[in-house]
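In what follows, a single structure is set out as structure tokens and then discussed.
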Amino acid sequence: MARIIAIAIPKGGVGKTTTAVNLAASLAVAEQRTLLIDMDSSGAAGLSLGFTEGTIKTGMFEVFNFISRMNHAIHKTELSFLDIVPANVQTLQREERLMRLADNRAILRSALQGAAENYDYVIVDCPPFLRGLTTNALTAADSVIIPVKSGHFSLDAVDKFFKFIEWIRDVANKSLSVEGILLTMHEPNTRVTDITTRELHSKYRRFMFESVIPKNTALTEACFYGKPAILYNANSRGSGAYLSLAREIIAHSHEHRSLPRVQHHAHEIGQQA
Ligand SMILES: Nc1ncnc2c1ncn2[C@@H]1O[C@H](COP(=O)(O)OP(=O)(O)O)[C@@H](O)[C@H]1O
Ligand SMILES: [Mg+2]
């Protein structure tokens, strides 16, 4: 059964989509069968892998409308271990309809039943708000990765998101855990970065990934050319950082699989700041 990981925080421009796409590609390169789900109606994750309007037949829009089953919305990518379900939301009318349907937070979870069996990992790219689509992703997920932009985050926003995750545990998904907090667009040795990173570590040390994503133009360029960084410039620092993140997550998964769920959950609550 796949490990379902949502990439979420209710904020835009922090590296959610870049993380979803490049983590999914790195897991695929490590020969983990991976499905990337584009839950943001802007379709940015699909675009980052070269899926434009003309190349998408069906996507999350059809899945949420019960027009298509998840299996029929899956598209192959250039990487043989990586598949994607694009958003396929081209108009504001479709976006409005998708938002309304997503008020039912259980749709993604039920749509993934069956489809997830064919994968080791399902990575869900979320929009920059909680309502509907992110709530669906957190209801379906085993864990969540929280990307924070190095030097430009507020601890208050991270605290609030942790509270929201606790609420989702209470009302919809008691086994949801925090996979980790990921520092993105990191530029070391600036005063603001050093101070804010220290603050984050002192409060959330146990949740911090060891891997840190540097600020790296190859990641932006790769996205522009519709490729994951590993296929655009495999030697770039950006693609190396996402490979390292994938290794950490694969190692975590082995631990999770050897630990009974209930025990893991108790362990995590105990760890919380
Ligand atoms: N590590 C990075 N280094 C440089 N640019 C980055 C990095 N991560 C993301 N970006 C760029 O920052 C912008 C926002 O990233 P994106 O992943 O789309 O954020 P989100 O999905 O949270 O809105 C994009 O233009 C992206 O190419
Ligand atoms: Mg995005």
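Rule-based calculations on the coordinates, nothing more; no lab input. If you're wondering where the values come from, they're calculated on a predicted model, not measured in any experiment. As a convention, Cβ positions derive from the backbone with ideal geometry for all residues, glycine included, and neighbour counts pool all protein chains shown.
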For the stretch 3-271, percent of DSSP beta bridges that are antiparallel (nearest 5) comes out at 5
Tally Lys and Arg at +1 and Asp and Glu at -1 over the other residues with C-beta under 12 Å from the C-beta of residue 4: what net charge comes out? -2
For the stretch 30-150, what is the largest minus smallest coordinate of the Cα atoms on each principal axis, given in angstrom and ordered from greatest to least? 37, 35, 33
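Suppose a student asked you for the relative contact order of the chain, using Cα pairs under 8 Å spaced at least 6 residues apart; what percent would you report?
On the way: 516 pairs, mean separation 66.1, N = 273.
It comes to 24 percent, rounded to a whole number.
In the chain, once you exclude exposed chymotrypsin sites (Phe, Trp or Tyr not before Pro) (DSSP loop, at most 16 other Cβ within 10 angstrom), what's the longest stretch remaining?
Numbers: sites that count: 66, 129, 225.
Between exposed loop sites, the widest span is 130-224.
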Neighbouring Cβ atoms within 10 Å as the yardstick, rank 7, 213 fewest first. 213, 7
Work out the count of Lys pairs in the stretch 105-238 where the Cα-Cα distance is under 29 Å, with the pair 8 or more places apart or on different chains. 15
Dividing the helical contributions, -39500 (n - 2.57) per DSSP H run of n ≥ 4, by the residues of the chain yields a 222 nm value, nearest 500 deg cm²/dmol, of -13500 deg cm²/dmol
Order the peptides 12-25, 173-186 from the highest to the lowest mean number of other Cβ atoms within 10 Å of their residues. 12-25, 173-186
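Using only the alpha carbon atoms of the chain, find the Kirkwood hydrodynamic radius as the inverse mean reciprocal pair distance, in angstroms to one decimal. Kindly include the intermediate steps, with their values, before the conclusion.
Numbers: mean 1/r = 0.0539 Å⁻¹.
After inverting the pairwise mean of 1/r, the radius is 18.5 Å.
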Can you list the residues, at least 5 places off or on another chain, whose amide H is less than 5 Å from the amide H of residue 208, using H built in the peptide plane? 181
Collect residues whose amide H, placed 1.01 Å from N in the peptide plane, falls under 5 Å from the amide H of residue 149; neighbours closer than 5 in sequence don't count. 184
Set the Förster radius R0 to 25 Å, insert the Cβ-Cβ distance between residue 1 and residue 131 as r into 1/(1 + (r/R0)^6), and round the FRET efficiency to 0.05. 0.35
Work out from phi, with θ = phi - 60° and the Karplus expression 6.51 cos²θ - 1.76 cosθ + 1.60, the ³J(HN,Hα) of each residue of the stretch 212-222, listed in order in whole Hz, and give x for Gly and Pro. 10, 8, x, 5, 8, 5, 4, 5, 6, 5, 4
Amide H proximity to residue 124 below 5 Å, modelled H, separation 5+ or other chain, gives 5, 6, 7, 37
